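Please read the structure below before turning to the comments.
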Amino acid sequence: MSTDELLNRFLRYVKVDTTSNEESETYPSTECQLDLARMLKEELESLGLQNVSQNEFGIVMGTVPATKEGAPTIAWFAHMDTSPEASGTNVKPVVRSNYDGGDIVPSGDPSQVIRAADVPEMAGMKGKTLITSDGTTLLGADDKAGVAIIMTAAADLMEDRTIPHGPIRVVFTCDEEVGRGTDKIDLAEIDAKVGYTVDGSELGSIEQETFSADMATVTVTGNNIHPGLAKGKMINAIRLAGQFLTRLPWHRLAPETTAGREPFLHPYVIEGGVPEVKIKVLLRSFDTADLADQAEILRRVGATIVAEHPGASIDVSVKKQYRNMLEALRKEPRAVELAVEAARKAGVEPRYELIRGGTDGSRLSEMGLPTPNLWAGMYNYHSEREFACLEEMDASRKTLVELARLWGNEK
């Protein structure tokens, strides 16, 4: 299968707006995700996959039929939605062949410069094909690069039936970007030995360990009254929220001051007014036990402020998000071992990476399906400076085909 096929698929997919919505209570959180789901279902059917379906939640599934009896079933996952952190409406992808190695200035918004100095990996991309947006939207490579890679690998296996492999489940989910990508997944229906998400970044990265994650909502309640009559009566929740934020540790527990295995607290949404303010805070650590300690930090800070402002209240509620996938992967070491071997067979030197975030694989592993994450050749995701490298996408596609072959030799 040529890289042109891969590129054409990717360009089709990114033009479909699939922005998810954290505030929605439906699944999928936005109707527009179903537009891409319908497209993918039709394409899987046209390729000849078996048992192709789109369920009531928009999840698309299909099976590349086995060519070797008794070989294990494996699953490939990618998510259809894009991040609500930047617009995904009216994406205009720009194909930049023979990249010259310098900064990229998009025509739609020249302020959204993709600076080579900010992305060290770009030094090795000279002469390759990069795809960007026009700078007014994100590109949507996260994770439509993964969708295109999986679709093209599935087409490869349907075209060449001499490759020995077991059944390959292809699964496209919704709402990964808002933490609900696996909420409607039925592992019994997938019935696979291992899974692989194609939702990573740099060439050769195999991610087997993620943060464990919770999300805290801090509710600051004050007392509103006309400001002309406020003395001794008003309790301004906005001011108390400001105090709360300034008292959180940031030299050691903030995304902007941590790296590697270091944990963090990340206030990322604040909304409200004088009577009430809500602050959403991400809790992240590679050690799950740390999350309870982080939540306690929020409660202690809240208690100090309430003690200084009688009549105010600060409540901290915590919602579980996902857990470090490493423990599940240790139970089925072949999931990572064969991914390493497949990458090498595809001409790529693999490297283990930590994910300072999470993918659907985090939750799938926790649910009982060991699911490491493979690279998709995407960079600067969740922003208007997002881009993808076609050659890195193609290397991931080849790795999936080799994975199918290797698992075909397993029991």
Rounded to whole Å², per residue accessible area for segment 1-141 with a 1.4 Å probe reads 44 Å²
With every protein chain in place, the accessible area of ARG344 for a 1.4 Å probe, in Å² rounded to the nearest 10, comes to 130 Å²
Taking the dipole of the chain about the Cα centre (Lys, Arg +1; Asp, Glu -1; charges at Cβ), the one of GLN54, GLY242, PRO93 that reaches farthest to the positive side is GLY242
Charge dipole of segment 145-215 built from unit charges on the beta carbon (Lys, Arg +1; Asp, Glu -1), centred at mean Cα; most positive-end Cα among GLY179, HIS165, SER201 is HIS165
In degrees, nearest 10, the alpha-carbon axis of helix 334-345 is tilted away from the dominant principal axis of the alpha carbons of the chain by 60 degrees
Per residue, the convex hull enclosing the Cα atoms of the chain spans a volume in Å³ of 146 Å³
Label model pair GLU327, THR257: point-to-point distance (7 angstrom along the Cα→beta-carbon line) in nm is 3.0 nm
Computed over the chain: longest principal axis from alpha-carbon atoms vs helix 141-159 long axis, angle to nearest 10 degrees, is 20 degrees
In whole angstrom, the spacing between the Cα centers of segment 112-186 and segment 344-411 equals 9 Å
With a 1.4 angstrom probe the carbon and sulfur portion of accessible area for the chain, in percent, totals 48 percent
Across 10 Å bins beginning at 0, the whole-percent shares of Cα-Cα pair distances in segment 235-282 come to 26, 46, 22, 6, 0
For the chain, the dipole about the Cα centre with charges only on Cβ (Lys and Arg +1, Asp and Glu -1), to the nearest 20 debye, works out at 780 debye
Given unit charges at Cβ for Lys, Arg (+) and Asp, Glu (-), the dipole magnitude of segment 140-205 about its Cα centre in debye, nearest 20, is 220 debye
Segment 270-411 accessible area per residue, 1.4 Å probe, protein heavy atoms, integer Å², reads 42 Å²
So the angle from the long Cα axis of helix 390-407 to the longest Cα principal axis of the chain, reported in degrees to the nearest 10, equals 70 degrees
To the nearest 20 debye, segment 311-411 has a Cα-centred charge dipole, built from +1 on Lys and Arg Cβ and -1 on Asp and Glu Cβ, of 320 debye
Among VAL194, VAL269, VAL14, the residue with the largest mean-square fluctuation in a Gaussian network model of the chain built from Cα contacts under 10 Å is VAL269
Row for segment 324-394, column shape: gyration tensor on C-alpha, a ≥ b ≥ c, rounded if a/c < 1.5 i.e. under 1.5, prolate if a/b over b/c, else oblate; value oblate
Taking only C-alpha positions in segment 1-93, Rg and Dmax in angstrom work out to 15.2, 46
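The values are calculated or read from the model by the stated rules, or taken from the named source; none is laboratory data. Keep in mind that what you see is a predicted model, and the values were worked out from it rather than measured. When we count neighbours, we look across all protein chains shown, and the Cβ atoms used for this are built from the backbone with ideal geometry, even at glycine. For the accessible areas, the whole protein counts, side chains as well, though only heavy atoms, and no ligand, DNA or RNA atoms are used. Shrake-Rupley method; radii C 1.70, N 1.55, O 1.52, S 1.80 Å.
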